[in-house]
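Everything below concerns the one structure shown next.
The values are calculated or read from the model by the stated rules, or taken from the named source; none is laboratory data. Computed from a prediction, not measured in an experiment: that's the story for all the values here. Cβ: placed from backbone, ideal geometry, glycine included. Neighbour counts: every protein chain shown. Note: areas computed on protein heavy atoms with side chains; ligands, DNA, RNA excluded. Shrake-Rupley method; radii C 1.70, N 1.55, O 1.52, S 1.80 Å.
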Amino acid sequence: MTDETPKTTTALEQFRQEFTNCWEKMTGIGWFLLLAATWTLLFVFFGNATLGYVDTSSLFGWLDWVCSRKGASDEHIPYLVLVVLALFWCKRQELTEIPKRVWWPGALLVLLGMGFHVLGFSAFQECRISLVGYFVGLYGLMAVVWGPAFMRASFFPVVLFCFFLPIGGTLADKITFPLRLLATKIAAQASQAIGIDVMQQGTLLFDPQGSFKYEVAAACSGIRSLTVTLLVSVIYAFISLNGWWRRVVMIVSAFPLAVAANVARLLTIVIAAESFGQEAGNEVHESWWMSLVPYIPMFFGIYGLGRWLKGPQTAPVPVPKPDAPRWELSDLRVPLAIASIGACLYYGFPELAKWIENHPMTVVTAATLITLIWLVAPAISKASGKTVRHMAFAGTSLALVIIILQCSIAGFLVYRQNHQKLGLPGVKVVAQPVYGEKGEVVGTNRVELPANVLNFQSEQMPVQKVVFDWLPKDTTYGQRRYKAPDGFWAQMNVVLMGTDRTSIHKPQYCLEGTGWHIEKSELSNLKVAEPLPYDLPIMKLTAKQVFADPETRQKTLVSGLYVYWFVSEDQLSADHDQRMLWAGLDMLRTGVLKRWAYVSCFSVCLPGQEDATYARMKDLIVASVPQFQSVGSPARLAQAK
């Protein structure tokens, strides 16, 4: 009689067996996957109506662009797919044991998601609204197939879909600017407490001699650390804490913890710059591993607060558990082989590497799908005998109605896009060439700004290549620099959109992108007398920048005044958000896309001369506006309270 060694189950085999059990318990999973696939295809082919920033019709292609931008604060988005899937797997026992049923009210969530997408795609041309619609609809599909109990149980981790939403831009600035300002103030006071003489100017930190300067930029000291802190807080709150008040306290704590994290990083930069010079401070600022410093107090803070919220804990009675099977090298030979091939292709073909870097969402999603197929394909094949039961669940008719609705929405979006009416411009456009920086013709139409105004003479300014390459090709430009006999100058620019609203973005981006630090924003009105008297709403930005002489390296602080407003054929506004709202509402009501123009006037002066400079800019604006702005009777004005 021979002894037989019992066969050891590997971790991979156990995973596949457990997945098979889960698959068999998820009645209707076949229909859910089909509905989710058709829902996703709608956003792949009809997800992005704004082709100015990235030329793709896919909402996920737009996400690729968002996540791949240099210095962006949204690099975490692709990897959230893995986090959400892992958390769903951790809750597998609860989710599979929940009684499931077809629930038609879930279709209302799907309809709500469709409504969001129609607004985002057709009315406001805003991909973020469409992204909200995608996840709302996906959650609704879960409710349709598996019922309200599953919907409640899966709220977490579905709530993490909120972190897929890029909040760079206007929203991020509104959220993070107070945090940046507070972090700067605390860091300045802490630096002085340890003997480093640091001065604060807005979100700028520098010493009295000007030997180092550091600005608390939004990407590194605001939204990125806040996003990570908030994400970790939400996950910890739902996994480790019971009771909604404890969870709310943990989530709200993300804001002070983010400030504390950024103060820690600012202090390391200031100390390095003070001890070893500006280059050392810059090195700490740019260093990848030093960027992890803020997360040390953040993680300790979350852990400590969590322990306090839990209160005294009774030590659990140890329960013996069987040894868990181990992952064998043979289990991982397929993913290791694929990873090796991928690494060789990445480092061997620079063009492929560039494509991968520019498509992080696509790459991570594709890699996740390939890994899942490798993991679960054998398990699904074992359960193939029950596929019919999965596909023929009681809500077949409802599922087919949802698919028909998705196709109808796709047809509606195509129709609206192909029959879009374009409004008239609110500025004077002439058939004259626009030139680039090298004298090449970059446009055949331009906004005709007056050549001579009051005692100002002017010259037409070329369109920078970066601007022309960045904005949609049907954008129309007008740029002139006006100069008075005493040497005073001011530059007026007009950007007129075509069929794509991305021709116009928040003006603050341009100013901050060229190194200016905005200190103050003021809404005001200018009295324009022609062609009939009306108030012109304007936004005045006061900014500062330190310029260094290239020869003497002497630094000079300069003030910049930037005045802007928006105009369409019958509307005026100085508020970017209000202009966006009006444009969307007009599209919904009339089907006409208003051709908004963004008009700006910019000049510089020494600190203390801002009032005199602004007075001369006002005279130039009031005298020139009637010669190129065609609004005769503004329907409504932006009077932000």
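Take the Cα of SER340, step 7 Å toward its Cβ, do the same at ASN358, and the gap between the two points is 3.1 nm. Rounded to the nearest 0.05, the FRET efficiency derived from the C-beta distance between SER630 and LEU33 at R0 = 41 Å is 0.15. Classification of the stretch 1-154 by its C-alpha gyration tensor yields an oblate form. The axis ratio a/c (a ≥ b ≥ c) is 1.5 or more, and b/c is at least a/b.
In a fully extended conformation the segment linking VAL414 and TRP308 would gain 32.7 nm over its present Cα-Cα distance, using 0.36 nm per residue. Determine the sum of side-chain charges near ALA193: Lys and Arg each +1, Asp and Glu each -1, restricted to other residues whose C-beta is under 14 angstrom from that of ALA193. Net charge in that neighbourhood comes out at -1. Ligands, DNA and RNA are left out, and with a 1.4 angstrom probe the accessible area of the stretch 224-309 is 51 Å² per residue. Classify the stretch 68-137 as rounded, prolate or oblate, taking a ≥ b ≥ c as the square roots of the eigenvalues of its Cα gyration tensor: rounded when a/c is under 1.5, otherwise prolate if a/b is larger than b/c and oblate if not. Because a/c hits 1.5 or more and a/b fails to exceed b/c, the stretch 68-137 counts as oblate. Here the dipole of the stretch 519-592 is about 320 debye; that uses its Cα centre as origin and unit charges on the Cβ of Lys and Arg (positive) and Asp and Glu (negative). What the phi angles of the stretch 591-607 give under the Karplus curve with 6.51, -1.76 and 1.60, with θ = phi - 60°, is a coupling list of x, 9, 8, 5, 8, 6, 10, 10, 10, 9, 9, 9, 8, 10, 7, 7, x Hz, glycine and proline written as x. A cut-off of 5 Å between modelled amide H atoms, ignoring neighbours fewer than 5 places along the same chain, links TYR435 with VAL442, VAL463.
Using 0.36 nm per residue and subtracting the Cα-Cα separation, the extra length available between LYS91 and GLU328 on full extension is 82.8 nm. For the chain, the longest principal axis of the C-alpha atoms and the axis of helix 360-382 are separated by about 10°. Taking every DSSP helix (H) stretch of at least 4 residues in the chain, weighting each as -39,500 (n - 2.57) and dividing the sum by the residue count yields a mean residue ellipticity at 222 nm of -16500 deg cm²/dmol. Each Lys or Arg adds one and each Asp or Glu subtracts one; over the other residues with Cβ under 13 Å from the Cβ of ARG92, this totals -2. The 3J(HN,Hα) values that the Karplus relation (6.51, -1.76, 1.60; θ = phi - 60°) gives for the stretch 565-580 are, in residue order, 7, 10, 9, 10, 5, 9, 9, 10, 7, 10, 10, 4, 5, 5, 4, 4 Hz. Gly and Pro appear as x. Taking the Cα centre of the chain as reference, the dipole from Cβ charges on Lys and Arg (+1) and Asp and Glu (-1) amounts to some 1620 debye. Per residue, the Cα convex hull of the chain amounts to 226 Å³. Measuring against 27 Å, Cα to Cα, the residue pairs LYS506/LYS544; LYS185/LYS527; LYS428/LYS483; LYS428/LYS465; LYS185/LYS618 contain LYS185/LYS527; LYS185/LYS618 as the ones spanning a longer distance. Report, for the stretch 437-517, the % of DSSP beta bridges that are antiparallel, rounded to 5. Restricted to the stretch 437-517, the bridges split so that about 95 percent are antiparallel.
For the peptides 458-471, 566-579, residues were scored by their other Cβ atoms within 10 Å and the scores averaged per peptide; the highest-first order is 566-579, 458-471.
With a cut-off of 14 Å between beta carbons, the residues surrounding GLN432 carry a summed charge of +2, where Lys and Arg count +1 and Asp and Glu -1. Note on the stretch 407-537: along the principal axes its Cα atoms extend 65, 39, 35 Å, ordered by decreasing extent.
Annotation: for a label point projected 7 angstrom from Cα along Cα→Cβ of SER240, residues of the stretch 286-303 with backbone N closer than 15 Å are 296-303. Dipole size of the stretch 1-151 about its Cα centre, with +1 on Lys/Arg Cβ and -1 on Asp/Glu Cβ: approximately 360 debye, rounded to the nearest 20. To the nearest ten degrees, helix 224-240 and the longest principal axis of the Cα atoms of the chain are 30 degrees apart. Give me the angle, in degrees from 0 to 90, between the Cα long axis of helix 170-193 and the longest principal axis of the Cα atoms of the chain, rounded to the nearest 10. Approximately 90 degrees, to the nearest 10.
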